[in-house]
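Worksheet: one structure, shown below.
The values are calculated or read from the model by the stated rules, or taken from the named source; none is laboratory data. Everything quoted here is computed from the prediction, not taken from an experiment. For neighbour counting, all protein chains shown are included, and Cβ atoms are generated from backbone atoms with ideal geometry for every residue, glycine included. Please note that ligands, DNA and RNA were not included when accessible areas were found on the heavy atoms of the full protein model with its side chains. Shrake-Rupley method; radii C 1.70, N 1.55, O 1.52, S 1.80 Å.
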Amino acid sequence: MAKEPPTAADEGSGNGFFKELSSAAAKKALTPLLATAATAGTTYLVRKTTEIWQKDVLPKVREKGGGKAAAKEALEQVADRLSGRPAQLLAELAERLGEAAPSESRVDQGSTEKGREPESEAQREEERKQRQQRRQQRQKALQKSAST
């Protein structure tokens, strides 16, 4: 018998193989590029968010008297716009924030505990210094990455 000419189905299967092969190759080539782009985008967003926080938000929070005072004011403003039970709950929460005792009382209680030795205070101070150094190192690294 004579050879039959290839049909459309035969040609499609050969073409499909090359299509899949090129698609897989493209995915393998693009995956690292997409990962790099995602990492760069995330780094940029973190850097900008930190910058905005330090330049714009933090001074306003400090101006209002700290985080609790700013949260209290925000809750009061939201409660004023609402009505009913939600407004009452927010107003109560804002009151609690205003009445909250400073955390100094907890520190004072901790220092009068029995069994606390002077060397533990020295250890705590050393830990504080180490945390401060790590914060400074992270800040320097962040600034260095911002300049590149």
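What the table below lists for this structure:
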read-out	value
Per residue accessible area of the range 61-102, 1.4 Å probe, in Å²	75 Å²
Flagged links, alpha-carbon separation over 24 Å, of Lys48/Lys140; Lys64/Lys129; Lys28/Lys140	Lys64/Lys129; Lys28/Lys140
Inter-probe distance in nm under a simple model that places probes 7 Å from Cα toward Cβ, at Glu63 and Ala91	2.8 nm
Cα-Cα separations in the range 17-103 greater than 20 Å, expressed as whole percent	63 percent
With DNA, RNA and ligands ignored, accessible area of Ser147 (1.4 Å probe; Å², nearest 10)	90 Å²
Order by protection proxy (mean Cβ within 10 Å, highest first), peptides 49-60, 69-80	69-80, 49-60
Ranked order, Lys68, Lys140, Lys48 - accessible area, probe 1.4 Å, largest first	Lys140, Lys68, Lys48
Proximal charge balance of Thr43 [Cβ under 14 Å; K/R count +1, D/E count -1]	+3
Ala40-Glu127 FRET efficiency (beta carbon distance; Förster radius 41 Å; 0.05 resolution)	0.75
